[in-house]
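Beneath this line is the structure, given in structure tokens, with notes to follow.
The values are calculated or read from the model by the stated rules, or taken from the named source; none is laboratory data. Owing to the predicted nature of the structure, the values given are computational and were not obtained by experimental measurement. Positions of Cβ are backbone-derived with ideal geometry, glycine not excepted, and every protein chain shown enters the neighbour counts. Protein only, heavy atoms only, side chains kept; ligands, DNA and RNA dropped before computing areas. Shrake-Rupley method; radii C 1.70, N 1.55, O 1.52, S 1.80 Å.
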Amino acid sequence: MLRLIGFAFDKRYEGGIEGHLDVREDHVNRAGTVHGGVYATMLDAVCSGAGMYCPHPGRMRVAVTLSLTVNYAGACSAGRIFAKGWVTKQGKSVYYSAGEIRDEDDNLLAHAVGTFKYVMNSGGPEGIPNPRENG
């Protein structure tokens, strides 16, 4: 889905992740502004991704979204928008995170909080083997 809308991650680090999207004509609604579903998709990606960082080569962490609350705060119709997510609390199997989307002028467009669950026993800092990198 992220590739389909053109969302790209720029930075991944312990407890956080950042990315961007270049607004296209197919991202906007009838009012000419970015559709809320695009914001929600981006926020789900950065909020969940914030807790999936794994510093060990060839390994990964996997999680699913349990809940995501999105609040819309502004409108954008063109340019590049930026999303950032960060972990607010982390346990062995569940973590909580927040995220936001801002435009090129640093105006807040949307923000979210979410709850995520590690799956496949990948919640430890060492994660699990990444099948894409290990055969």
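A few notes on this one:
- Some residue of region 22-39 being under 22 Å from residue 118 (Cβ atoms), surrounded by fewer than 21 Cβ atoms within 10 Å (Cβ to Cβ) and touching a helix residue (DSSP H, G or I) at 6+ places or on another chain (Cβ under 9 Å): no
- For region 42-58, filtering for residues that are farther than 11 Å from residue 110 by Cβ, at pLDDT 95 or above and out of contact with any Phe, Trp or Tyr (no Cβ under 9 Å at 6 or more places or on another chain) leaves 1.
- Within region 1-21, being without any contact (Cβ under 8 Å) to a residue 40 or more places away in the chain, open to solvent by 60 Å² or more (accessible area, probe 1.4 Å) and among the hydrophobic types (A, V, I, L, M, F, W, C) holds for one residue alone: 4.
Okay, residues lined up against (1) closer than 23 Å to residue 7 by Cα; (2) of a type in the set (D, E, K, R):
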{"residue": "44", "(1), (2)": "yes, yes"}
{"residue": "65", "(1), (2)": "yes, no"}
{"residue": "82", "(1), (2)": "yes, no"}
{"residue": "89", "(1), (2)": "no, yes"}
{"residue": "92", "(1), (2)": "no, yes"}
{"residue": "109", "(1), (2)": "yes, no"}
{"residue": "116", "(1), (2)": "yes, no"}
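Results for (1) in contact with a strand residue (DSSP E or B) (Cβ under 8 Å, 6 or more places away or on another chain); (2) of a type in the set (Lys, Arg); (3) at positive phi, shown as yes or no for each residue.
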residue: 13; (1), (2), (3): no, no, no
residue: 20; (1), (2), (3): yes, no, no
residue: 24; (1), (2), (3): no, yes, no
residue: 29; (1), (2), (3): no, no, no
residue: 34; (1), (2), (3): yes, no, no
residue: 39; (1), (2), (3): yes, no, no
residue: 70; (1), (2), (3): yes, no, no
residue: 80; (1), (2), (3): yes, yes, no
residue: 85; (1), (2), (3): yes, no, no
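- Checking each residue in region 1-40 for being under 16 Å from residue 103 (Cα atoms) and in contact with a Phe, Trp or Tyr (Cβ under 8 Å, 6 or more places away or on another chain) picks out 18, 19, 20, 21, 36, 39.
- Within region 15-38, the set of residues being outside any helix (DSSP H, G or I) and either of a type in the set (A, V, I, L, M) or closer than 30 Å to residue 54 by Cα (or both) comprises 15, 16, 17, 18, 19, 20, 21, 22, 23, 28, 31, 34.
- Filter result (open to solvent by 60 Å² or more (accessible area, probe 1.4 Å), part of a strand (DSSP E or B) and among the polar types (S, T, N, Q)) within region 66-112: 69, 71, 88, 90
- Of all the criteria given as (1) closer than 21 Å to residue 89 by Cα; (2) in contact (Cβ under 8 Å) with a residue 60 or more places away in the chain, the one not satisfied by residue 39 is (1).
- Answer residue from region 113-134, given it is loosely packed, with under 13 Cβ neighbours inside 10 Å and either polar (S, T, N, Q) or assigned to a strand (DSSP E or B) (or both) and is modelled with the lowest pLDDT among those: 134
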